Every structure is written in structure tokens, then in C-alpha cells.
Amino acid sequence: MNPVLRPRSLFIALGVLLALAFFLSLALGPVSLHLLDSLQALLRLVGVPVGDDTLEQAQLIIGQIRMPRTLLGLSVGAVLALCGVAMQGLFRNPLADPGLIGVSSGAALGAAIAIVGGSLFGGIPEAFAPYLLSVFAFAGGLGVTALVYRLGRRDGQTSVATMLLAGIALTALAGAVIGLFTYLADDATLRTLTFWNLGSLNGASYARLWPLLLVTFAVALWLPRRAKALNALLLGESEARHLGFPVERVKRELVFCTALGVGAAVAAAGMIGFIGLVVPHLVRLLVGPDHRVLLPASALAGASLLLFADLIARLLLAPAELPIGIVTALIGAPFFIYLLLRGRA
Amino acid sequence: MLRADSINVQRGDSRVLEQVSLELVPGQVLGVLGPNGAGKSTLLAALCGELAVSAGSVKLDQRELSDWQGVERAQRLAVLPQSSTLNFAFKVEEVVGMGRLPHATGRERDQQIIGQALAAADAQHLLARSYLALSGGERQRVHLARVLAQLWPGGIGQTLLLDEPTSMLDPLHQHVTLQATRRFAEQGAAVMVILHDLNLAARYCDRLLLLERGVPRAMGKPEEVLQAELLQSVFGLEVLVHKHPERGHPLIIAR
Amino acid sequence: MRLSLSILLSLIMPAAAFGAETLPQRWLSAGGSLTEWVVVLGGESKLVGVDTTSQHPATVTKLPSVGYQRQLSAEGILSLNADVLVGTEEMGPPPVLEQLSAAGVRIETLSAKSDVTVLEHNLQRLGSLLGDEAKAQEVFAHYQQQLNRQAQWVSAAQSKQAAPRVLLLLGNAGGNPMAAGVDTGANWLIEQAGGHNVATHASYKGISNEALLALDPEVLIVADRRLRGDEAKQALLKSNPALAATRAAKAGRIVVLDPTLLVGGLGPRLPEGLAALSAAFYPASQPLLVEAHANL
């Protein structure tokens, strides 16, 4: 049960892992590029004039396809893991998941409205559709989370237990409304919805990347400022108050960060499960529960893990690709079961 | 110094605390006694701001409790709840170290204090253990060390509230814990402790408050409060009150 | 004048119509019917990959699969070195199409609407991309002729017998059958074959046993995604015992249809399918003979 690594060694290991994941994510894909070409193309992209124009194809593939995709994966993985830490801290339960406060189901509802509603009422230009989907998913996640938070509040205090129950109830309600939209959808729309629910980094572009990068940056800067408060929160809310932390404000910030982070991640890449649950858990096993280490380490580990999962997703069935949510669930769920069994022993 | 002036606490329609006034004096330990449901924990919650009072006032150092800023207050007032649920594998020194969060005394000094507070609770040998691997009694001592560390070394102007700190301890550690509490008070801190064991209260407290259904029945020195008829009417238990043969404080024996 | 010149040129040396180098040589087809048409127009050897909806002819399923038409992978397609990606408006996601066209892949989006003029346009487009517009014209003329004969046959048959009331059920190994609504390709098929669709809803919807009995179709068409022929019929009857009480079942008028005919617009195998349906709708009339394309 005792942590096995010192924070310093962990950060070095995770830094190397992420660098490796980043490099492989740029170097590998269905199109096989020579290592030398990849490196030269990369240098050309940052403005170093090496090689010649035969590198145009490599430059395009790395610059326009793999780089935005890698940055998207990095961002999504980091933000999901960070929000997982925040939720496990808020609920004081190492098995909590960002989905608990309704952000995922809200985003799924928003997506269903955009996908099915768009095809039902017609009139949405095809070029605008993906943006609409992202906006709706993001708004849905934020909206449902706000409602969960509102339901958990009474007399100026937020009851985490009530929030948990409200999250379950609203998730069920959102599920029912999604069911209704599913019923109204035609076959093709239904498949779009299904695929969206499985998540994908496919089709990443810089234009759609920056909102998520911005949110990830904000969450990654903000949450560590609350690391000590999160530590104290694990003792209990009143204990944290007695240690001088503005507990209500901290809870509000945690909920807001999670709604923002998970909402943006889901909006950009669809539903990708288990990262938020498993990564913090894994990191905690390695270095213990201190949030000052846990938060940045989880962000690094989440980013690396998602990049590796995406490599599997894009290489396994090439030239077709597997939705990444399937990969993360196939790795995450058995690992989670292993953790449960291990905890019982 | 913490002072409550005729406070009432309302829960729904029923009044769970009525007209309680008390003052926690530097250097002294006040014991709170009473049967289950008498309002002891409610009183503690009202004194640390967890529960709002419906009448009366609670003041810390002559200032309304609610006017204190979080960290400022945490440096003066520490609270040990009846039980804590911590589900994460912190090391014992990390748990005690959380008591230092309101301070910026530096890593080295904090480490020193953690060691001293653990020693006071006779838990120094647990320093590097995982909290989750501890027994219930060991966990209780670790949390005591945590609140001691929060106010360490203790002095005038600091207040410590303890809710049944001995409930899970073996006889030796019941005494060790209360001795540590006493020594802490002797540094100048004001201490309030909720207890069930009348003899422990008689031995370690300077004054006692006896509560019954939210109403104070008696307040004063142990020999004034621990009287056979009073105890019988409040607890419904027939007792003999003797004098401790060596120490002279009251000794309560069930008949 | 220019048009006729280009037709003339294409008759003489087909590949020269656009100049040999501008004609795409490596084709990727994302759309079942379009793939079939490419094959009919003689372009099978140019196909380097297809999507999962391309199931006919069986030989194309041996080609690399780029996945579902709505979830194409940009790099996957680039790795096949495709010059052109042909697909329907279902093809996506849009950002991937943008990336592909930025990488120099020609994107040809053709409509999947069940409509003859749409088909004419599609065939023209495919023909010119394959460098054989004459063949495309010939194929279309033949197809239109088949549809005309079909229409004539139906009106002749209807003079002897009223249009039957028809319901099409799309199932999966007999379970959860969904009834085809009025805006579906199935509806077009039923009407062209001379039937009357008894369903009034839009798209494909699950339907209760009671509603099924109330609609009481005279002919039931069964399209099953997993089972073929008699197996499909038996599976459906087994999982939905109430069906046995319909007029269609009592009279043994249950027809099995290949579900791939229902999606992706008008495909080359459609006339055969129509003729088979018509024969089932009007058992008293002499069935229409339709010859299949040689290479399908």
C-alpha cells in the first residue's frame, strides 16, 4: 500500500514517457514515413530549412494530421486525468469518476440534440455541423453540471452526497432524453451518435483544437493551486474548514473546473472513458495521495496513456481506425477490476 | 480564548441547545459530560462555527467567530471530531503535517513539530506507516497529533476542542492522551474536551459542564459537579462518590 | 459543340478525354452502390480500398477497408495513396475530408438519393473520372430502359389486380424488426414494384405486434442484416409469433429482400430486386425477366 516511488523519480519517468508518446504519435501512423524524413519534416515545420521539397507529403502528414491529433490527445488525456483527481478529491473517494456530477451525460445529451436534432430539423450546413456538435456537447455538460450543483445546495452549503444522488438522477434523465432522440433518429444519424459515444481523435485540426488547449491550460494551472485544499478535503469537509480552507469556494471551483475541462474534452473528442478514473488511481499507487504531486503527475500520465491508446486506435485496423473509447475501455476496465480485487486482498 | 454567551441551537422545530454560556480559559481544561443526546457534540459544533446559533453569540478573542478569516482562525482554533473518515493512503507524517497547512513555518520546522506532536500522542513510531494500515485507536491518536500540530506548541490565545478523543483507546492511551492534552493546556491553550468516562473527567479537567437534553445542569470544579444525586438524576445511574486515595479528586463507582 | 466534341474524342480514345495524367488511377469508394457502379463501369482494377458498406460484388470485400463511411481516417486513406475518394453525402467526418483535400486527394461527393436524374448525373461523373463516358451513358440508358419496362409491367399488372398493401421489415437475425417508413429507400422500392406501403411514419421505426396486426399487410418484405433467404423468414416468424396472424403470413406471401438494396441510392442490382418484388406482388402476371450485369 505504501508508495513505491519518490516524486522526483516519478516526474522524470513520466516526463520520459510523455516525450516518447509524443514522438511516437508524430512518427507512427498508417502512412509509413522514414524516421529521417519525419525528423526533417518536423524541423521544416518549425522553420529550419533542411531537406528538399520531396518532404512536402511528410510535412503535410505530420504538420496537418498528426500534430493536431497529438496535441488533441495530449490535451484530452491531461484534462480528463486532472478532472478525475478533482472529483475523487471532492467526493473523497478514490473510485469517483468525472461522470458523477453529470458532465458526461450532459455532454452526451447535447451531442444527441445536435446530431439528431440537426438531421430532424435539417438546415444545418454540413461545414458548420461539427462546431455545432462541440458547442452543444460543451453546453450540455456545463448545463447539467450546474443543475446537479444547484440541487446539491441548501442554505449556502453544498452537500456532496446530494450532488452524487442528483448526478445519478440527472444522468438517468439525460439517458431517457437521449433514448427519445435515438428513437427519432434514422439509421445513419444513429450510427453517427454511436460513434460519437465511442470517442475519436480523428479529424483533429488546429481550428478546433485551441478552445480545448486553452481550457486544459487553465485547469492545469488552477487545480494545483488547490492541491493543499484537496489534501485537507480528504480528511473531511469540516476538518478542511478547521484547517482554514474556504471549503464552499473550493468545491465550487472543483465542480466548475471539471465541468469546463471534461465538457471541452468531450466536445472535442467524444466520450473517452476510464482515463479520469484509472489514471489518478494508478498514480496514487505509485507516489501516494498528496495532491501536490498527484495533480501534475496525473496530467502527464493521462496525456501519455491517451497518446498510446490513440496509437493503437489508428494502427490496429489501418487504413480504418478503431474508436479510441473502445481502446481505453478495453485497457481501463480490466485494470479497474484488477484494482478492485487487489484492494480486497 | 473562546466565549459563548447564552447560545441556543435550533434543529427544525426543536431546540437542541438552550441557554449555554461558557468561557474557555487559557491554561485550563473544561470537560463536557452528559448522556447520549444531551447536546455535547452540538455544543462543540456551535463553538467552532459548524452549526449556526439561533440566539446568543460565540466570540474568539473578543471577536465574533464568524468574522475570523479561515487561516487566521485555524491558527487559533483546532477541532478534533469524534471520528474521521480518511480513505486515502497518506503516510502518518503527512496526515499530521496537514495540521501545519494554515502555517508557513517552513518544511524543517514543520517536520520538527510533526515529530513532537506525534510523540505527545505516543504515536511517533507510526511516523512512516500508511494511515490505512492503522488500527482505530492508532488512527485516533494520529488525528490528535494532527490537531496538536495545528496549534503547536500551544499558548495563550489558542483554543483546542476535542470530541471524545479517548473513545477508541486502550486504558493506557486514554491516560496518555489526556495527559498530553493537559500538558498542552499548561502551555497556555484553552481546551474543551467531551468525555464519557467520569473518572477521566475528574482526574484531568479543571472544570466540568454537565449537560442534559441541551440544558446545562451544572458547571464548576469536578468535586462540585460530580455529586451522587446530580449524576443519578442526569444519567439515571446510582453511583458512589469517593475520594481518590492518592490524588484526592472524586472517584465515581457504580453501585 | 464542345460537349459533342468531347464525346467524339472519348469514343475514339477513351483515356484521352481529360488527358491521361489527370484521370485518377487509384480509387477509394465509400458507398455501397457507388462501388457497384464503379465495378459495372469497368473500374474495379482501379479500386485500392472501400468502406464497410461496400459488400458487392464479393471481390471488393477483399480490398483494404477504410472503415465506416462516416468515420473515415485521413491518414488511413493517405496510406493507400488514393487519388480520388468517391462517396455519398453521408461520407465524413467533414474535418477529415478537408484534410484529405488539402493533401491533394480529390473528393467526389455524389448524392445517394433514390432518384433517376441523380443517378444519371452520378454515372456521368463516374464515367468521366474513369475516362469512359460513353460506357456510362450506355449503362444509364440500359438502366432507364429497365426501369421503364418495370413501370410498364406494373401498370399492366395493376389493370388486372389492385396494388397490394405491403410492409417492409428490417430485422437483425429475426429480432427487433423495424418497419420502413415513407421517406425511406424501401418506400421507393415498394412503390416502383407496384405495391402500397401501409406504414405512415418516417424513417425506420420499431413496431408493436398489435400495430402490425392492425396494419395487416397483404405482402410482407423481410430484409435481414444477418440472415439470408428462408432462414431470415423463419427467424422473423419465430421471434414474432404475432406475425403468423397477418394476411401476408396466412397466404404465405413473405418475400425476402437483400438489405443492401435499401441503402445508398439506386444501385445496379435494383432492377432484379424490383422484378422479384413485383412478381411477389402480382403472382398472376408473367414475371418480368431482367438480366444481371455480367461483372456483378
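Computed from the coordinates by the stated procedures, all read-outs in this text should not be read as laboratory data. Note that the structure is a prediction, hence the values are computed from the model and not measured. Because the Cβ atoms are built from the backbone with ideal geometry, glycine has one as well, and the counts that use them run over all protein chains shown.
Assorted remarks:
- Note on residue B:221: lysines with a C-alpha under 30 Å away, same-chain residues under 8 apart excluded, are B:40, B:59, B:243.
- Phi-derived couplings, Karplus 6.51 cos²θ - 1.76 cosθ + 1.60 at θ = phi - 60°, listed residue by residue for region C:68-76: 6, 4, 8, 10, 6, 10, 4, 5, x Hz, with x used for Gly and Pro.
- DSSP bridge pairs, the protein assembly as shown: antiparallel proportion in percent, nearest 5: 45
- Shielding by other protein chains, A:74-81, mean Cβ within 10 Å: 0
- Cross-link partners of residue C:233 among aspartates and glutamates (Cα-Cα below 18 Å; sequence separation of 8 or more within a chain): C:216, C:218, C:224, C:258
- For residue B:16, distant residues with modelled amide H under 5 Å away: B:9, B:10, B:11
- Whole-Å distance, taken between Cα centres, linking region A:147-193 and region C:24-66: 43
- The overall shape of chain A, judged from the alpha-carbon gyration tensor, is oblate: a/c is not under 1.5, and a/b is no greater than b/c.
- Cα-based shape type of region B:34-95, given that a ≥ b ≥ c are square roots of the gyration tensor eigenvalues and the cut on a/c is 1.5: oblate
- From the alpha carbon centroid of region B:25-95 to that of region A:209-253 is 24 Å.
- Antiparallel content of DSSP bridges confined to chain B, in %, to 5: 60
- Length-normalised contact order for chain A - Cα pairs under 8 Å, 6+ apart - percent: 31
- The protein assembly as shown - mean residue ellipticity at 222 nm from DSSP helices (-39,500 (n - 2.57) per run, n ≥ 4, rounded to 500): -16000 deg cm²/dmol
- Computed from the C-alpha gyration tensor, the three semi-axes of the ellipsoid equivalent to region B:197-248 are 19, 13, 8 Å, from longest to shortest.
- Rounded to the nearest whole Hz, the Karplus-based 3J(HN,Hα) values (6.51 cos²θ - 1.76 cosθ + 1.60, θ = phi - 60°) of region B:69-84 follow the sequence 6, x, 5, 3, 5, 5, 6, 10, 10, 10, 10, 10, x, 4, 8, 10, with x at glycine and proline.
- Contact order relative to length of chain C, as percent, for alpha carbon pairs under 8 angstrom and 6 or more apart: 17
- The alpha carbons of region A:126-208 occupy a box of 47, 33, 19 Å along the principal axes, longest dimension given first.
- Only the Cβ atoms of Lys and Arg (+1) and of Asp and Glu (-1) were treated as charged; on that basis the dipole of region C:2-138 about its Cα centre amounts to roughly 140 debye.
- Only lysines eight or more places from residue C:62 in sequence, or on another chain, were considered; those with a Cα closer than 28 Å are C:46, C:113, C:135.
- Karplus-based coupling profile of region C:201-206, in residue order and whole Hz: 7, 9, 6, 9, 10, x, with θ = phi - 60° in 6.51 cos²θ - 1.76 cosθ + 1.60 and x standing for Gly or Pro.
- Dipole orientation for the protein assembly as shown: of the candidates A:258, A:327, B:24, B:24 has the Cα lying most toward the positive pole (charges on Cβ; Lys, Arg +1; Asp, Glu -1).
- Loop-located trypsin sites (Lys or Arg not before Pro) in region C:205-287 (DSSP state not H, G, I, E or B) with no more than 12 neighbouring Cβ atoms inside 10 Å: C:225, C:228.
- Close amide H contacts of residue C:255 (hydrogens built in the peptide plane, cut-off under 5 Å, sequence separation of 5 or more or a different chain): C:220, C:221, C:222.
- Mean-square fluctuations from a GNM of chain A, with a 10 angstrom spring cutoff on Cα atoms, peak among A:270, A:89, A:47 at A:47.
- With the largest listed first and rounded to whole Å, the semi-axes of the equivalent ellipsoid of the protein assembly as shown from the Cα gyration tensor are 75, 33, 20.
- Normalised by 2.2 N^0.38 Å, with N the number of residues, the alpha-carbon radius of gyration of region C:2-138 equals 1.02.
- FRET efficiency for residue C:117 and residue A:34, using Cβ-Cβ distance with R0 set to 51 Å, rounded to 0.05: 0.55
- Between B:84, B:167, B:57, the residue with the greatest mean-square fluctuation in the GNM of chain B (Cα pairs under 10 Å linked by springs) is B:84.
- Note on chain B: with a GNM built from Cα contacts shorter than 10 Å, the maximum mean-square fluctuation among B:208, B:17, B:126 falls on B:126.
- Over chain B, relative contact order from alpha-carbon pairs under 8 Å, at least 6 apart, %: 26
- Computed from the C-beta positions of residue C:210 and residue C:173 and an R0 of 30 Å, the FRET efficiency is 0.85 to the nearest 0.05.
- Rounded is the label for region C:162-265. Its Cα gyration tensor axes, ordered a ≥ b ≥ c, give a/c under 1.5.
- Kirkwood hydrodynamic radius over Cα pairs of region A:193-306, then Stokes diffusion coefficient at 20 °C and 1.002 mPa s, in µm²/s: 139
- Taking the convex hull of Cα positions in chain C, its mean projected area over all directions (nm²): 16.7
- Two-site FRET efficiency, residue A:197 against residue B:183, from Cβ-Cβ distance with R₀ of 60 Å, rounded to 0.05: 0.45
- Residues of region C:251-271 with amide N under 20 Å of the 7 Å Cα→Cβ point at residue C:141: C:268, C:271
- Beta bridge orientation in region C:162-265: antiparallel %, DSSP, nearest 5: 35
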